[in-house]
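Before any comments, here is the structure.
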Amino acid sequence: MLAGKDPLTALAPMQAVSSLEFWQVMQEYGGPDLYFTEYFRVHSTSRLNKFILRSIDQNPTGKPVIAQMIGNDIPALIRTAKELEQHPVAGIDLNLGCPAPIVYKKCAGGGLLRDPLRTHRILGVLRDAIEIPFSVKTRLGFENTDNYEDLLDIFSQHNLDLLTVHGRTVKQMYRSTVDYKAIQKAAKTVSFPLLANGNVYSAEHAAEVLNTTQSAGWMIGRGAIRNPWIFCQIRSMLKGEAVKLPTGRDVLGYIENLFETLIIDPYEEKSHVMRLKKYMNFIALGIEADGIFLNAIRRTSSKKEFLSVCRDHLDHTRLMPLEPYSIPVKHCDILAGAHR
């Protein structure tokens, strides 16, 4: 799964974000070494989501793709994994970290961390059934970290091909400091590669995270929405080269690219502008510190208004900051929270 890459960069599986079109945009700015799909919901009557499957079968990046599943029904998980193996995936990942209440209340995603024995059974069966690399994305625990060591022991027993650890508990969602020392504990405990996940926002910060966690690389999500150059910046840093910083016009070009590339047929202008605001919640954190740009974007409802606000703030050649400003994102957004 690591394909000789050391350290590895991966784009996180972000639901309703990590589409084929978003991957296409990410790749235009350098892209990661590895892409993870949005999760396939798995239950007794589930079928492979055609929209997500499209990102696998029509993968525009030229990079390996890991298909992620979420669920707790063992026969259904086995069936789905075997179906996914018939498609061009480099591996299959099980989501044990999703913090969305609608997910964890069904004992799926991060909800499974409350039941280590059930998690143990699921991993054992999937490890035996899956014939390609098998990985897990997890958190430090559900309510707290009391059973974190037990979970690491369970992961170790199943000889995963890759483990990604987000350095918060499920209940913390994205609204607290990331515990990189806890990720380091996992890296020292398991015998397989581990990716550090959570609030990686620049190449310099990525180097600090790598040094602290002793991980095999990084999985980056919200930081890549805000800064699609981050993967190229990390590669430059690893080579000892100067890290190129985007200008305002570079960011403007990125936003215009997103606007055009993410259009879904049939096109409805107001709905599309509303969809783009999900991305702008995070891009805006790197534009100015007072929230003026973000508040102006939130009031737009047409393409003309949307792009006009962007051009008013970004049509310049000044370098943009790498560190996000501390502007609160809408609380209702599942990806909202601390970015530093």
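The values are calculated or read from the model by the stated rules, or taken from the named source; none is laboratory data. The model shown is predicted, which means the values in this text are computed figures rather than measured ones. Cβ placement follows ideal geometry from the backbone for every residue including glycine, while neighbour counts extend to all protein chains displayed.
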Subject >> Unique match (being in contact with a Pro (Cβ under 9 Å, 6 or more places away or on another chain) and closer than 11 Å to residue 9 by Cβ) among 218, 229 >> reply: 218
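Against the definition (of a type in the set (Phe, Trp, Tyr), within 22 Å of residue 138 (Cβ to Cβ) and touching a residue at least 40 places away in the same chain (Cβ under 8 Å)), how does residue 229 come out, yes or no? Spell out how you get there, then give the answer.
On the way: of a type in the set (Phe, Trp, Tyr): yes; within 22 Å of residue 138 (Cβ to Cβ): no; touching a residue at least 40 places away in the same chain (Cβ under 8 Å): yes.
No.
Could you identify the single residue in 327, 297, 263 that is at pLDDT 95 or above, among the hydrophobic types (A, V, I, L, M, F, W, C) and crowded, with 19+ Cβ neighbours inside 10 Å?
Details: 327 fails: at pLDDT 95 or above; 263 fails: crowded, with 19+ Cβ neighbours inside 10 Å.
Exactly one residue qualifies, and that residue is 297.
Residue-by-condition table, conditions (1) surrounded by fewer than 20 Cβ atoms within 10 Å (Cβ to Cβ); (2) over 18 Å from residue 226 (Cα atoms); (3) touching a residue at least 40 places away in the same chain (Cβ under 8 Å):
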site	(1), (2), (3)
11	no, no, yes
28	yes, no, yes
35	no, no, no
49	yes, yes, no
52	no, yes, no
Original post:
Out of the range 181-215, which residues are under 19 Å from the mean Cα position of the chain (by Cα), part of a loop (DSSP other than H, G, I, E, B) and hydrophobic (A, V, I, L, M, F, W, C)?
Top reply: 200
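Quick check on the range 135-161: of everything there that is hydroxyl-bearing (Ser, Thr, Tyr) and either outside the structural domain of residue 179 (by TED's automatic domain parsing) or not in a loop (DSSP other than H, G, I, E, B) (or both), which residue is farthest from the chain's Cα centre (by Cα)?
So in the range 135-161, the residues hydroxyl-bearing (Ser, Thr, Tyr) come out as 135, 138, 145, 148, 156.
Now restrict to residues that are either outside the structural domain of residue 179 (by TED's automatic domain parsing) or not in a loop (DSSP other than H, G, I, E, B) (or both): 135, 138, 148, 156.
On the way: 135: 15, 138: 12, 148: 22, 156: 23 Å.
Restricting to residues being hydroxyl-bearing (Ser, Thr, Tyr) and either outside the structural domain of residue 179 (by TED's automatic domain parsing) or not in a loop (DSSP other than H, G, I, E, B) (or both), the top hit is 156.
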Subject >> Single match in 281, 257 (criterion: surrounded by 15 or more Cβ atoms within 10 Å (Cβ to Cβ), at pLDDT below 95, assigned to a helix (DSSP H, G or I) and of a type outside the set (Phe, Trp, Tyr)) >> reply: 281
**OP:** Could you run through the range 216-253 and say how many residues are crowded, with 18+ Cβ neighbours inside 10 Å, β-branched (Val, Ile, Thr) and part of a loop (DSSP other than H, G, I, E, B)?
**Re:** 0
Original post:
When you go through 77, 113 one by one, which is the residue that is part of a helix (DSSP H, G or I) and over 20 Å from the mean Cα position of the chain (by Cα)?
Top reply: 77
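Quick one: which residue in 177, 164, 169 is within 19 Å of the chain's Cα centre (by Cα), in the same structural domain as residue 101 (by TED's automatic domain parsing), among the polar types (S, T, N, Q) and surrounded by fewer than 20 Cβ atoms within 10 Å (Cβ to Cβ)?
Details: 164 fails: surrounded by fewer than 20 Cβ atoms within 10 Å (Cβ to Cβ); 169 fails: surrounded by fewer than 20 Cβ atoms within 10 Å (Cβ to Cβ).
Unique residue meeting the criteria: 177.
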Original post:
When residues of the range 1-58 are filtered for being outside any loop (DSSP other than H, G, I, E, B) and either among the polar types (S, T, N, Q) or at pLDDT below 95 (or both), how many remain?
Top reply: 5
Subject >> Within the range 59-80, considering residues that are over 22 Å from residue 162 (Cβ atoms) and not basic (Lys, Arg), the one modelled with the lowest pLDDT >> reply: 60
